[in-house]
Amino acid sequence: MEHKDSLLGVIQTLFKWKKQIFYVCAIAAVGSVIIALLLPDYYESSTIFYAASPDLAKPEGVGPIEKDKEYYGESEDQDRVLTICESSKIAERLIQKYNLYAHYDIDSTHKRAPYKVRRTLAKLYTVVKTKYDAIEITVEDKDPQVAMNMVNDAREMVNELGQSLIKNSQLQAIAKQEKQLNEQRRNLRALGDSLANLRRAYGIYNTVSQSELFAELLAKSESRLTRTRARLTQFKSNKRTPRDTLLKLQSNIAGYEEEVKSLQSRIEHFNKGMSVIDAMEQEHKEARDQTGLDNERLKQFKAAYQTPFTAIYLIEPGELPIVKSRPVRSVLVVASVFIAFVFSIIGVLLLETYRDVNWKEIINAK
């Protein structure tokens, strides 16, 4: 019975080539052990933190309205911090601080040196977002102390850059507020000058007290005029009244009439300017109140800019790794032997299957 194409035939073939397969696996084992022993050990250190909310850097509200302040960042804040973690600024700072060209044995004078050092760092520097929405930075290095220092420095650099972004926004807000406040002050001075000119033009300095005073003076003048006219009428009916008395009363009446006319003219002029000045005073008061409010808001912006804050909340700092993260040498050796075993089996089966083929004839036929 022919077993060449059956499982039994395969086993027979492998048994026939068992020494060769063993030698291949042995060579692979020895080679992988040597290579594994030559591979350097890498140590891994990680730090975990949460993104802080930018609300921490905002000034307190001016006025009675209070808003709830968020302490932990939302998804957009997490994305911002993740972007900072993976930014070229962090990479450049780490490269400069730890002289990674020399540390990674890269010739800094080579034209592709920046690319090589960044590529090497990218393989050893990873940033992930955990399932609990925290951010984890991991650094691998041959030196465990360097791995710990780099990961903690990277975290602090992220915090500094996050703060600088918000600080720059605060500076822009302060500049905008100062510009707006200066414009409001110019408008307030212009309103004050216009109001002073109107007061001089209409002789109005206090609409309430002056209106009460004009009303009182007019009432007194009209009362005196009425009494004097009544006395004149009474004295005229008495033929014994001296002529000088009548002339004096008539003179007084003429004076009182002029006084009433003058007061009425002044009151009419006062009334014309009072509505304009009242409107101007109201506008000036609102502008003054708004300027005071904006000035207070500017103080709040400056106070917030000078107040320290954090862009991240540290959960776990990077610690000194004790156990290497890679390579796992036993896995490398086992994997190498297994791969050698599989390929040797495939090679033996192919060799046995096509050993009777005349390859020269096939090649010549082509």
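The values are calculated or read from the model by the stated rules, or taken from the named source; none is laboratory data. Not measured: the values here are computed from a predicted model. Note that we place each Cβ from the backbone using ideal geometry, even for glycine, and neighbour counts take in every protein chain shown.
Of the residues Ala254, Ala287, Ala215, which is of a type in the set (Gly, Ala, Ser), within 60 Å of the chain's Cα centre (by Cα) and part of a helix (DSSP H, G or I)?
Details: Ala254 fails: within 60 Å of the chain's Cα centre (by Cα); Ala215 fails: within 60 Å of the chain's Cα centre (by Cα).
Result: Ala287 is the single residue among Ala254, Ala287, Ala215 that is of a type in the set (Gly, Ala, Ser), within 60 Å of the chain's Cα centre (by Cα) and part of a helix (DSSP H, G or I).
From the list Ala304, Ala335, the lone residue that is aliphatic (A, V, I, L, M), modelled with pLDDT under 75 and not in a loop (DSSP other than H, G, I, E, B) is Ala304.
Taking Gln170, is it in a helix (DSSP H, G or I), within 37 Å of the chain's Cα centre (by Cα) and modelled with pLDDT under 80?
Working: in a helix (DSSP H, G or I): yes; within 37 Å of the chain's Cα centre (by Cα): yes; modelled with pLDDT under 80: yes.
Yes, satisfied.
Please tell me if Ala36 is among the small types (Gly, Ala, Ser), within 25 Å of Ala147 (Cα to Cα), assigned to a helix (DSSP H, G or I) and at pLDDT 80 or above. Answer is no for this residue.
For region 351-366, state whether one or more residues are in a loop (DSSP other than H, G, I, E, B), within 26 Å of Ser32 (Cα to Cα) and at pLDDT below 70. It would help to see each step written out before you state the result.
At the first step, the residues of region 351-366 found to be in a loop (DSSP other than H, G, I, E, B) are 354-358, 366.
Applying the additional criterion that residues be within 26 Å of Ser32 (Cα to Cα) yields none.
Looking through region 351-366, none of the residues is in a loop (DSSP other than H, G, I, E, B), within 26 Å of Ser32 (Cα to Cα) and at pLDDT below 70.
Quickly run through region 189-203 and pick out the residues that are modelled with pLDDT under 80 and either surrounded by 11 or more Cβ atoms within 10 Å (Cβ to Cβ) or hydrophobic (A, V, I, L, M, F, W, C) (or both). Matches in region 189-203: Leu195, Leu198, Arg199, Ala201, Tyr202, Gly203. Across region 134-156, which residue is surrounded by the most Cβ atoms within 10 Å (Cβ to Cβ) among those that are touching a helix residue (DSSP H, G or I) at 6+ places or on another chain (Cβ under 6 Å) and among the acidic types (Asp, Glu)? Once the filter is applied, the top-ranked residue is Asp141.
For residues in region 75-88 being more than 12 Å from Gly162 (Cα to Cα) and at pLDDT 85 or above, which is surrounded by the fewest Cβ atoms within 10 Å (Cβ to Cβ)? Per the stated criteria, the residue is Ser88. When Leu121 is tested against (1) under 30 Å from Ala52 (Cα atoms); (2) touching a residue at least 60 places away in the same chain (Cβ under 8 Å), only condition (2) is not met. Selection of region 93-106 for residues being without any contact (Cβ under 8 Å) to a residue 24 or more places away in the chain and either part of a helix (DSSP H, G or I) or out of contact with any helix residue (DSSP H, G or I) (no Cβ under 6 Å at 6 or more places or on another chain) (or both) yields Gln96, Asn99, Leu100, Tyr101, Ala102, Asp105. Number of residues in region 229-286 that are more than 19 Å from Tyr202 (Cβ to Cβ) and basic (Lys, Arg) equals 7. Residue count for region 257-275 under the criterion of being of a type outside the set (D, E, K, R) and either exposed (fewer than 15 other Cβ atoms within 10 Å of the Cβ) or without any contact (Cβ under 8 Å) to a residue 24 or more places away in the chain (or both): the result is 6.
Within region 276-332, can you find the residues that are of a type in the set (D, E, K, R), exposed (fewer than 14 other Cβ atoms within 10 Å of the Cβ) and in contact (Cβ under 8 Å) with a residue 24 or more places away in the chain?
Initially, region 276-332 is screened for residues of a type in the set (D, E, K, R), giving 278, 281, 283, 285-286, 288-289, 294, 296-297, 299, 302, 316, 319, 324, 326, 329.
Filter once more, so that each one left must be exposed (fewer than 14 other Cβ atoms within 10 Å of the Cβ): 278, 285-286, 289, 296, 299, 316.
Across region 276-332, the qualifying residues are Asp278, Glu296, Glu316.
Is it the case that Ile204 is touching a residue at least 40 places away in the same chain (Cβ under 8 Å) and either touching a Pro at 6+ places or on another chain (Cβ under 7 Å) or among the hydrophobic types (A, V, I, L, M, F, W, C) (or both)? Taking the combined requirement at face value, the residue satisfies it.
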